[in-house]
Amino acid sequence: MKGTIFAAMALIAAAATVTAGQTPEAKPVHGQGCVEAGVEMSCLVVTDVKSGILYNLIIKGARPDIGIGIEFTGAPFNGMSICMQGTLLEVTKWTRDTSLKCAAPAQAPKR
C-alpha cells in the first residue's frame, strides 16, 4: 500500500514538473517600465507604463540594472519562483529604453 501511494505521488510530481514553464497558448507580452528590486533577493520587477501591471521578470543571461528603463518581450511563466511579487514573466528579449525617466535606486543607509 505504501509503495502504491509513493508511486502515485512520484507520478504527480513528474507531471507537475513537465507542465511547469511557459504556457504554450499564452500570447507574448510586450511592455516597458523602470526596473526595480523585488522584495526577495535578486528579483527584478517592472510596472508596465501602459497597463499598470507589475511583472516579475525571469531573465536568463544579462540582466538590466536597477533604476533603468527597459522595453521587454516575454511569455507568462507557470513555473515556481522564489520571487513572489507580480505576474511571472519569462523575458525573451529586453533593451534599454532611455525615453523613460526612472528614479535612482534607493541607497542602503550607512552605518
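For this structure, a couple of remarks:
- Test: ALA104 is out of contact with any helix residue (DSSP H, G or I) (no Cβ under 6 Å at 6 or more places or on another chain), at pLDDT below 95 and in a loop (DSSP other than H, G, I, E, B): yes
- Considered as a group, the residues in region 50-65 that are surrounded by 14 or more Cβ atoms within 10 Å (Cβ to Cβ) and among the aliphatic types (A, V, I, L, M) include one that is farthest from the chain's Cα centre (by Cα), and that residue is ILE53.
- Checking ALA20, ALA10, ALA16 one by one, the residue that is farther than 30 Å from ARG96 by Cα, surrounded by 11 or more Cβ atoms within 10 Å (Cβ to Cβ) and at pLDDT below 95 is ALA16 and no other.
- Among the conditions (1) over 17 Å from LYS27 (Cα atoms); (2) in a strand (DSSP E or B); (3) touching a Ser or Thr at 6+ places or on another chain (Cβ under 9 Å); (4) not acidic (Asp, Glu), CYS83 misses just one, which is (2).
The values are calculated or read from the model by the stated rules, or taken from the named source; none is laboratory data. The model shown is predicted, which means the values in this text are computed figures rather than measured ones. FYI the Cβ positions are ideal-geometry reconstructions off the backbone, even for glycines, and counts take in every protein chain you see.
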